[in-house]
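The numbers here are math on the coordinates, done by the rules we state, and not lab data. Please read these numbers as outputs of a predicted model, since none were measured by experiment. Every residue, glycine as well, gets a Cβ built from its backbone with ideal geometry; the counts of neighbours run over all protein chains shown.
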Amino acid sequence: MTGHVFHPGHQELHGVTVVLDTTGGLTHVGRFHEQNDRGVLLHDVGSHDPSTAGTSREEFLRRTLKFGIRVDHRHLVVPGDEVAGITPLGGMTL
């Protein structure tokens, strides 16, 4: 629901599971905490590197939707200049 903040006083995506794509081709899926001058802070993050994973980004997202996040990082800060896009996982069409 647009405009609804899961926790008052936080950003709109706070607590929402998101797909974060980077300018370097990495894809991260995790719970959005906040975005500030340091970057985007995610919790309980699964990461996909197409150069080493052996699977496509789409396959990674399909498996994540089906089985849940395989956590690679408890907390991850992605610098703001590396963020190509942020999409709620529930809003993904594959």
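Before moving on, here are some points about what is shown:
- Here the gap between Ala53 and Asp72, fully extended at 0.36 nm per residue and compared with their Cα-Cα distance, gives a gain of 5.5 nm.
- Exposure proxy shown here: for Leu76, Leu42, the number of other Cβ atoms within 10 Å sets the order, fewest to most, as Leu76, Leu42.
- Rounded if a/c under 1.5, otherwise prolate or oblate - region 43-94, Cα gyration tensor axes: rounded
- As a rough footprinting exposure proxy, the listed residues Val19, Val71, Val29 were ranked by other beta carbons within 10 Å of their own, and the order from fewest upward is Val71, Val19, Val29.
- Summing charges over neighbours of Leu13, with a neighbour being any other residue whose Cβ is under 15 Å away from its Cβ, gives -3 when K and R count +1 and D and E count -1.
- Charge tally in the Cβ shell below 14 Å around Pro88, where Lys, Arg are +1 and Asp, Glu are -1, Pro88 excluded: -1
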